[in-house]
1. Tell me the chymotrypsin sites (Phe, Trp or Tyr not before Pro) within region 134-236 that lie in a loop according to DSSP and have at most 13 other beta-carbon atoms within 10 Å.
2. If exposed trypsin sites (Lys or Arg not before Pro) are those in a DSSP loop with at most 13 other Cβ within 10 Å, what is the longest stretch of the chain that has none?
3. Just to check, using Stokes-Einstein with a Kirkwood Rh over alpha carbon pairs, what's the diffusion coefficient of region 34-96 at 4 °C and 1.567 mPa s in µm²/s?
4. Based solely on its DSSP helices, what 222 nm [θ] is calculated for the chain when runs of n ≥ 4 H residues each add -39,500 (n - 2.57) and the sum is averaged over all residues, nearest 500 deg cm²/dmol?
5. Enumerate the helices in the chain for which the Kyte-Doolittle hydropathy averages -0.5 or more and the C-alpha atoms extend at least 15 Å along the helix's axis, using complete DSSP H runs.
6. Hey, what's the chain come to in accessible area per residue, 1.4 Å probe, Å²?
7. For the chain, how big is Rg over Rh, using alpha carbon atoms and the Kirkwood form of Rh?
8. For region 3-66, would you read off the P(r) tail past 17 Å as a percentage of all alpha carbon pairs?
Amino acid sequence: MERKRILIASDATDPHSAAVAYALRKKGHDCEVLYTPDFPTLLSLSLGVDPEDRANQILTRGPDLLRADQSGGFDTVWRRRPAGVVLPDDMHPGDREVAERQGEAMLTGLFAFLQRDPRTFWVNSLASDGTALHKPFQLRAAAASGLLIPETLFSNDPEQIRAFLRKHSGTVAYKLMRPASWMADEGGKPRVFGAYTTALSEADLPDDDEMIQLCPGIFQPLLRKSFEIRVCCLGD
């Protein structure tokens with residue numbers, strides 16, 4: 001069996017990346033797990049570019065990495081669930097904003113740097129993953145593939161939203177464009193709140209149209225499901 005070099009980029013709270021890395025190592029492959037939130041406090045990255053573009057370097061230093069020099073590249077890169085940078089809470093707000101932007105640019109730059117090798121198999125490449133994460137693209141791709149999809153409205157236009165609700169018996173399924181969670185006090189204690197797919201009627205909408213216009217959403221007919229299937233396809 002040919003030994004493969006594999007990179008998994010994820011978050012330390014994700015058990016799936018650790019399980020897959022363990023299985024791949026048991027099979028004799030060289031599998032690195034890069035926990036992106038470790039950057040920059042626990043993880044250091046160095047990218048070196050030779051003037052003649054012949055000896056590019058990728059150096060890493062941090063917990064759980066098998067080696068420091070990653071310059072040989074990887075046969076496969078799985079961008080499982082890479083998260084953003086984590087910085088100390090006591091940083092000056094101005095410094096923090098600058099450091100966050102530089103850190104995010106560095107992490108994105110690392111993946112772009114690795115994409116230089118055309119032999120690497122990506123799940124998924126930066127370009128395709130960036131597009132595929134957007135819900136409007138997902139639904140158009142699903143419809144083009146022959147899948148049945150419900151009529152869908154992406155909008156922040158109060159008039160269009162109210163018309164869509166009336167068209168579908170006054171109640172629809174409302175979804176966020178992207179997942180969201182936040183901290184807030186409840187009874188003097190901090191709690192984590194999240195927004196999920198929910199049934200929405202016209203009576204639930206604010207009377208103030210300007211408030212509706214501030215946050216776009218996804219609106220679909222409310223379809224009661226009997227079961228749910230999630231399918232992952234890799235390669236062809």
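1. Of the chymotrypsin sites (Phe, Trp or Tyr not before Pro), the ones in loops of region 134-236 whose Cβ has at most 13 other Cβ atoms within 10 Å are TYR196, PHE227.
2. The longest uninterrupted stretch comes out as 120-223.
3. Calculated translational D: 94 µm²/s.
4. Estimated from H runs of four or more residues: -8500 deg cm²/dmol.
5. Span-like helices here: 15-26, 93-114.
6. Working: 16070 Å² over 236 residues.
Per residue, the chain has an accessible area of 68 Å².
7. With Rg and the Kirkwood Rh in hand, the quotient comes to 1.04.
8. Tail of P(r) above 17 Å: 48 percent of Cα pairs.
The values are calculated or read from the model by the stated rules, or taken from the named source; none is laboratory data. Predicted model, so just to flag it, every value in this text is computed and none were measured. Quick reminder, even Gly has a Cβ in these numbers, built from the backbone with ideal geometry, and neighbours come from all protein chains shown. All accessible areas refer to the heavy atoms of the entire protein, side chains included, with ligands and DNA or RNA removed. Shrake-Rupley method; radii C 1.70, N 1.55, O 1.52, S 1.80 Å.
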